[in-house]
1. With a ≥ b ≥ c the root eigenvalues of the C-alpha gyration tensor of chain B, is it rounded (a/c under 1.5), prolate (a/b larger than b/c) or oblate?
2. Based on alpha-carbon centroids, what's the gap between the range B:40-64 and the range B:182-247 in Å, whole number please?
3. Taking neighbour Cβ counts within 10 Å as the exposure measure, how do B:196, A:249, B:97 sort from fewest upward?
4. Per residue of A:151-163, count partner chain C-beta atoms within 10 Å of its C-beta, then hand back the mean as an integer.
5. Springs between alpha-carbon pairs under 10 angstrom, Gaussian network model over chain A: which of A:314, A:362, A:187 fluctuates most?
6. Taking the alpha-carbon centroid of each part, what is the distance from the range A:186-209 to the range A:57-86 in angstrom?
7. From the Cα gyration tensor of chain A, with a ≥ b ≥ c the square roots of its eigenvalues, which class applies: rounded if a/c is under 1.5, or else prolate if a/b is larger than b/c, or else oblate?
8. Rank these for me by crowding, A:101, A:69, going from fewest to most other beta carbons within 10 Å.
């Protein structure tokens, strides 16, 4: 009872605070923290889900109405939650370490970017393109399919590899996709090389919702769909088969698990989530180029999964939120704050901050953040913040 | 197609390929030695390599600032940079092993690999952080030394720069020294014993942890030497430029047969030659449709193909896989 009251108060107050101080990063973090509290604390389920739904469906868009930047952050979080959940299937459930995961995101993004922009005319000739905006909704599924097929194509040759060799090969595959995106501007100009593709069409929105809100709700919808699919898979015979493969391939095979089918299915499922989000991402950004699909992004998504706990759905969600917010808000916020101090001529312990080298920009150190997360988690808590139930029991033994 | 041109550039491409190949070979040694004793891909080795390059440039810039860069004889300057770079990289490798790998020994295989990836990313930004604070720049240029840029013209189409000779000579020296250490000394025997069977080696009175540290030290030092030579050869370095050569060198190690020291050298040379030829000829042969950038794809596709069809590599070290 007390917890329920605390939860309601927390959500209400923090939302109010965000509306009052629209520029404060700390307050927004408090709001996100209160959602986490609602999720974890003991309280009646209807209240929990009611609170979460209100926060995500009503409060968040309202906050976004006052400060569209927060809505952008929330949309990004949504995109990365879906990616983390996709990678969670491949790495967490099936135990196949995929270091080139962002390639599938790229495949989805480019599928809509090419056909949803005038660029396709360069390839096919004529004036047919860009496709009308409503095709975007079709392409959510096309992107899903294309990415799934790419996943199977990658999966086929690497079926025989395990562990770290698989990791390196998927890394190589991710790099190949990026190099292709960078260089396929000749002999036929498919991707327009490093210059990227723009303008990518945006779909007509239902009821004329503004785009910021539209992409937020769409991302939320996809995330919910992905969570539902994930939950259903986890407890199905497919999910069990994946976990059996992760624990012991030989034993799984002896029990009649078809390694080929199950591994390909893991790659295809994981890839398809990334594909859908890729389509959304390209429409949201209007412009994409290969820079958005580097190894750094793959490792970022991996860090999210590891932080939350491999194989755990709430873990992947929390991990994605924390890492995205850390990158988008904390690092950048720290950068801005430092700049303000510098301009104000503040001195710390007799050292004038104005003397700080100009090349020192805290916002650029996301690799360091990912690195620290990965190493510390591996050494001190390999099961993650919110370990999967099965794994928790295992490690408690 | 201009056949004369194709034949004419051949010796030059060969030379470039050999230079590149020796560099890959030096880096590949670090991967292969560690894999030999621990069966573990030291993902952070590419940063240990580029760390050597940064220490080397700091030594040269330091000498320059006190006016000794041109004051001392140039081989001495280079040897100084090499030795300091090797020492620093070797110590870094040992430290990384102590902090991030040793606590994870015996854990499921993916765990140390993920930790190594984390270290790799961490080191990239750590180098950037330190250089940004220290020099307010993290893209550093090796100071030019006139001797190194001298070129001997052998014929109209071929010239040999002192740089490439330094790289090839330096690499050969390192490889020879490594060969002596591994095959002719007691420590080398211990390293080989630990690679063969850790438990049995420890029963024979070998301090396995010390030998593993030593392996990281030697592998790291080779990487550091490669880093300094890389800087001398290409001039411009940044904290992230170790990643791709590292990945290529890993490919070379796998190509030669991972865990196998002569294999790493052979693999490095083969890969270096292949890349140099791809870079020079792809564009010419396809009429400009595919540029030199595709050499990366070539290297990675080769890695995938070897792992699938001949995972034991050219020299056939048996690869034991634990899932």
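1. Details: a/c = 1.69, a/b = 1.24, b/c = 1.36.
Here chain B falls in the oblate category.
2. When both Cα centres are located, 15 Å separates them.
3. Values: B:196 11, A:249 16, B:97 26.
Taking fewest neighbouring Cβ atoms as first place, the list is B:196, A:249, B:97.
4. Working: counts 0, 0, 0, 1, 0, 0, 5, 3, 1, 5, 6, 5, 9.
For this peptide, the per-residue mean of nearby foreign Cβ atoms is 3.
5. Among A:314, A:362, A:187, the largest mean-square fluctuation in the Gaussian network model of chain A belongs to A:187.
6. 22
7. Numbers: a/c = 1.38, a/b = 1.10, b/c = 1.25.
Judged from the Cα gyration tensor, chain A comes out rounded (a/c under 1.5).
8. Values: A:101 29, A:69 15.
Starting with the residue having the fewest Cβ neighbours, the order is A:69, A:101.
Read-outs throughout are calculated quantities, based only on the coordinates presented, and are distinct from any laboratory measurement. Predicted model, so just to flag it, every value in this text is computed and none were measured. Quick reminder, even Gly has a Cβ in these numbers, built from the backbone with ideal geometry, and neighbours come from all protein chains shown.
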